[in-house]
Structures are given as structure tokens and as C-alpha cells.
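K.L.:
This is the structure, below, for whatever I ask next.
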Amino acid sequence: MFKKLISAIFLLIIITLTSSCDSTNSDSDPKKIKTLLQGKTMGTTYHIAVVHSKDTVIDKKILHNNIDQLLVDLNKQVSTYIPSSQISLFNQTKNTNWIAVNKDFFEIVKASQNVSEISAGNFDISISPLVNLWGFGVKTHDKSPSEKQIQQAIAKIGYKQLELNSEQSSLRKLNAELHIDLSAIAKGFAVDKVSQLLSNRGLSNHLIEIGGELRVSGTNQSDKKWRIAVEQPDLTTTIAKHGLEITNRAVATSGDYRNYFVEKGIRRSHIIDPKTGYPIKHNLASVTVIHDSTMLADAYATALLVMGEKKGKLFAEENSLDVLMIIRSPNIESENGSEKFEFWSSSKLFK
């Protein structure tokens, strides 16, 4: 038995985001420059590239501080790791009274509930008791729970146990034991908020990435669509398989190869099916979604991964989603002994 925690970079951004200074390249418009910003938020990192004319004066320090403050304020609402955050206080409440919450918090929860309804419960922000039970929460371990423990946790979850009042931006639990966790959608929302901040300041050409969730707006430094590649989740290689050229769109990927443990030869993924209470068992390794909203791309990627290949393909087509699936080929290995993957897409955007 062992536990394996993988930080696989599956979105390869074809621009240099890690440089600490503004940069240019041979294909760049000489009248445009790129300002780069990076930092930490939501337990991960963020990278931002802003393309603008040389005549546009940007106070990089002020802009960086404004972005950091926006992310700090959002964390105070949605982070379960902050005991005094709105979501932590809501989870600590053991009653079924209506509780008023901030606008951003409410907007994320409302979007979450909509995705839950559309996906027939394959996305569920109340799943944290199961995530914790399987050792993928705050306290980690690599041992499967008992069937009794799983059923007890399932009794505490369910997106339908949460009611919303849009007029008063308030929430209430129908089950006082209900806990919610927005980690599968909040990073996407944060990307959208930062993008809105930049656009409101006339900086409409930008790329924003937070923990792998990404949004592009306008054009890159070469006055073309932004170029991105989705990488195969093969831990022995780093070959980008599918390229993207997009603008004014968001990209989010959910994969089961980042965090898992193996017990008696059985792979236990951190992606838990809220209906069964067990980690997913199918061969769908990752899902990438392109959407107008990073928040929704984030949520749909998770929902599709929970569904699996067959149901996920049908859902993507029925809902006109731009999706790329990377699917493990059962019992087939490549020449170097690594896993072999197949690809399926509902979209012409993936080349």
C-alpha cells in the first residue's frame, strides 16, 4: 500500500509566465509589451500576462496589490482553511436558519447548484464528508473506510439539502449536518473576477491562470489568439497532444492522476462519486472543458470526470460543451511501459 501525490502540469501555456520581467520575442509586435504577475492564492499559485501598448502606463506594484487584495477578500468568503471565513462559519452552524452571505459567495453557490441539477448530481459541493473519509481532505490517510462509514457520510451530503434565496443572497441547510466545499469551482470564479478587474481597467488583452484553471482575453503579444496545449497525463513524458488557439474563452481540466493511493492493487482516486460514496473506477483520466466562464468550465470538468466516458460524452454533446477527454486504454502500455491513452473531443477547437 502506498500513497502517491502528483502535481502534473497538464496545461502547457505557450508563453513564458515565470519570468519576473516584461518580455518580448521575435514574433512580437514591437509596439506591444507583456507585463507578468505571479503570486500565491487558494493553496496554489497564479500567473498573469497582460499585453498592452508601450504607451500604456501600468503601475505594476499597484495592479499586483489590487489583484492580491481581490483574491484575499474572496478567500475570506470561500476558503475552508480559514476558520473565520463565511463558508467555515456557515459549515459550523448546526441549524436550518437562513444565513445571509456575500454576493460572490452566493454567486458561486448558485452556479454550483445549477451545475448539480444539470449534471444529475455528479457535481456536488456538499461532498466534503466523503472526501475527508477517504483521506483526501485536511487529514490525509491511505486506507479505505468501511461500508458503514461510507453510508453514514452519504447521509450527511446532498446538494438538494441546501436552499437558496436569491433576493436576499442567503442560504439555509435542510440538514443541519450539511457542509459545503467550493474548491472545485472557486478557482475558476477567481480567474473570472481577476479578468473582470483587468478588463475594467482597459487591459483587455490578458491571460490568467490559477491552479491550472485558465482564461484568455483579447490577443497575445503577436496580436494573435492565445496558444495553449493540453498535455497527456503520462508521468514519464511531457508531450503536448492537443493544441488550442482561443480568445475570450476559459479552459479548465480535471484529472484523476494528481492525487490517489493504491490499496491491494486498487487505485483510489481523490475524485469521489457523490452517489456511490466511492472513488471513480472508470478509465477516464482527465477532462478539459472550454467555456465562456472559467467558473463553469471548472465545475463541468469535475462533473464530467465523475460521470465517466460513456455518460460524459453524451452529456457534453447534449449540452454543446467543448470537451477533450483523455481515456486510459485498459491493459495496454506504450513501448516505454507507461500507460497508453486515447483521445475524444466534442469540439473542433482541439487540434
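K.L.:
Could you grab me the full set of residues in segment 69-117 that are in contact with a Phe, Trp or Tyr (Cβ under 7 Å, 6 or more places away or on another chain) and over 21 Å from K187 (Cβ atoms)?
P.N.:
I99
K.L.:
Considering only residues that are of a type in the set (S, T, Y) and closer than 18 Å to I99 by Cβ, which ones fall in segment 143-180? Steps first, answer last, please.
P.N.:
Step one: filter segment 143-180 for residues of a type in the set (S, T, Y), giving 144, 146, 159, 166, 169-170.
Y159, S166, S169, S170 - these are the residues of segment 143-180 that are of a type in the set (S, T, Y) and closer than 18 Å to I99 by Cβ.
K.L.:
Residues in segment 284-294: is at least one over 26 Å from I108 (Cβ atoms) and either at pLDDT 95 or above or surrounded by fewer than 21 Cβ atoms within 10 Å (Cβ to Cβ) (or both)?
P.N.:
No, segment 284-294 contains no residue that is over 26 Å from I108 (Cβ atoms) and either at pLDDT 95 or above or surrounded by fewer than 21 Cβ atoms within 10 Å (Cβ to Cβ) (or both).
K.L.:
Do you know which residues across segment 181-199 are among the hydrophobic types (A, V, I, L, M, F, W, C), more than 12 Å from N75 (Cα to Cα) and out of contact with any strand residue (DSSP E or B) (no Cβ under 7 Å at 6 or more places or on another chain)? Give the steps one after another, and end with the answer.
P.N.:
Restricting attention to segment 181-199, the residues satisfying the condition of being among the hydrophobic types (A, V, I, L, M, F, W, C) are 182, 184-186, 189-191, 194, 197-198.
Going one step further and asking which of them are more than 12 Å from N75 (Cα to Cα), we end up with 184-185, 191, 194, 197-198.
Selection gives A184, I185, L197.
K.L.:
For segment 269-321, enumerate the residues that are hydroxyl-bearing (S, T, Y) and part of a strand (DSSP E or B).
P.N.:
Step one: of segment 269-321, the residues hydroxyl-bearing (S, T, Y) are 269, 276, 278, 286, 288, 293-294, 300, 302, 320.
Across segment 269-321, the qualifying residues are S269, S286, T288.
K.L.:
In addition: Can you give me the number of residues within segment 197-216 that are more than 19 Å from K60 (Cβ to Cβ) and either basic (K, R) or part of a helix (DSSP H, G or I) (or both)?
P.N.:
1
K.L.:
If you take the residues in segment 224-233 that are touching a strand residue (DSSP E or B) at 6+ places or on another chain (Cβ under 7 Å) and assigned to a loop (DSSP other than H, G, I, E, B), which one is surrounded by the fewest Cβ atoms within 10 Å (Cβ to Cβ)? Talk me through it step by step, then tell me what you get.
P.N.:
At the first step, the residues of segment 224-233 found to be touching a strand residue (DSSP E or B) at 6+ places or on another chain (Cβ under 7 Å) are 225-233.
Imposing the further condition that a residue be assigned to a loop (DSSP other than H, G, I, E, B) reduces the set to 225, 232-233.
Details: K225: 16, Q232: 21, P233: 21.
Step by step, filter segment 224-233, then rank; the result is K225.
K.L.:
Give all pairs with beta carbons closer than 9 Å in which a residue from segment 210-225 that is more than 19 Å from A252 (Cα to Cα) meets a residue that is among the acidic types (D, E) and outside any loop (DSSP other than H, G, I, E, B); count only pairs at least 6 apart in sequence or on separate chains.
P.N.:
K224/E245
K.L.:
While we're looking at this one, here's another question. Are any of the residues in segment 119-136 more than 21 Å from the chain's Cα centre (by Cα) and not in a loop (DSSP other than H, G, I, E, B)? Break it down stepwise before answering.
P.N.:
Our first condition is that a residue be more than 21 Å from the chain's Cα centre (by Cα); within segment 119-136, this holds for 133.
This time we only want the ones that are not in a loop (DSSP other than H, G, I, E, B), so: 133.
Yes, segment 119-136 contains a residue that is more than 21 Å from the chain's Cα centre (by Cα) and not in a loop (DSSP other than H, G, I, E, B).
K.L.:
Those residues that are surrounded by 12 or more Cβ atoms within 10 Å (Cβ to Cβ), at pLDDT 80 or above and not in a strand (DSSP E or B), I need them from segment 322-351; list them, please.
P.N.:
Correct list: S346, S347, L349.
K.L.:
Take S84 and decide whether it is of a type in the set (S, T, Y), out of contact with any Cys (no Cβ under 7 Å at 6 or more places or on another chain) and under 23 Å from A299 (Cα atoms). Quick ask: steps written out before the conclusion?
P.N.:
Details: of a type in the set (S, T, Y): yes; out of contact with any Cys (no Cβ under 7 Å at 6 or more places or on another chain): yes; under 23 Å from A299 (Cα atoms): no.
In short, no.
K.L.:
Looking at E245, E209, can you tell me which residue is at pLDDT 85 or above and buried (at least 23 other Cβ atoms within 10 Å of the Cβ)?
P.N.:
On the way: E245 fails: buried (at least 23 other Cβ atoms within 10 Å of the Cβ).
Exactly one residue qualifies, and that residue is E209.
K.L.:
For segment 17-68, give me the residue count where each residue is over 16 Å from I208 (Cβ atoms), at pLDDT 95 or above and surrounded by 11 or more Cβ atoms within 10 Å (Cβ to Cβ).
P.N.:
Residues flagged as over 16 Å from I208 (Cβ atoms), at pLDDT 95 or above and surrounded by 11 or more Cβ atoms within 10 Å (Cβ to Cβ) within segment 17-68 amount to 1.
K.L.:
What are the residues in segment 170-192 that are over 19 Å from V289 (Cα atoms) and either part of a loop (DSSP other than H, G, I, E, B) or in contact with a helix residue (DSSP H, G or I) (Cβ under 8 Å, 6 or more places away or on another chain) (or both), if any? First the steps, then the outcome.
P.N.:
If we filter segment 170-192 for residues that are over 19 Å from V289 (Cα atoms), which is where we start, we get 170-181.
Scanning segment 170-192 gives S170, L171, K173, L174, N175, A176, E177, L178, H179, I180, D181.
K.L.:
Read through the list (1) part of a helix (DSSP H, G or I); (2) over 26 Å from N248 (Cβ atoms); (3) in contact with a Lys or Arg (Cβ under 9 Å, 6 or more places away or on another chain), then give the number of the only condition that N97 fails.
P.N.:
(1)
K.L.:
I've got another one for you. Conditions: (1) in contact (Cβ under 8 Å) with a residue 24 or more places away in the chain; (2) part of a loop (DSSP other than H, G, I, E, B). S116 meets all but one. Number of the miss?
P.N.:
(2)
K.L.:
I'd like to verify a number: residues in segment 89-109 that are of a type in the set (D, E, K, R) and surrounded by 14 or more Cβ atoms within 10 Å (Cβ to Cβ), how many? Step through it out loud before you land on a result.
P.N.:
Just the residues of segment 89-109 that are of a type in the set (D, E, K, R), to begin with: 94, 103-104, 107.
Restricting the remaining residues to those that are surrounded by 14 or more Cβ atoms within 10 Å (Cβ to Cβ) gives 104, 107.
Residues in segment 89-109 being of a type in the set (D, E, K, R) and surrounded by 14 or more Cβ atoms within 10 Å (Cβ to Cβ): 2 in total.
The values are calculated or read from the model by the stated rules, or taken from the named source; none is laboratory data. Everything numeric in this text was worked out from a predicted model, so none of it was measured. Glycine gets a Cβ as well: all are built from the backbone with ideal geometry, and neighbour counts include every protein chain shown.
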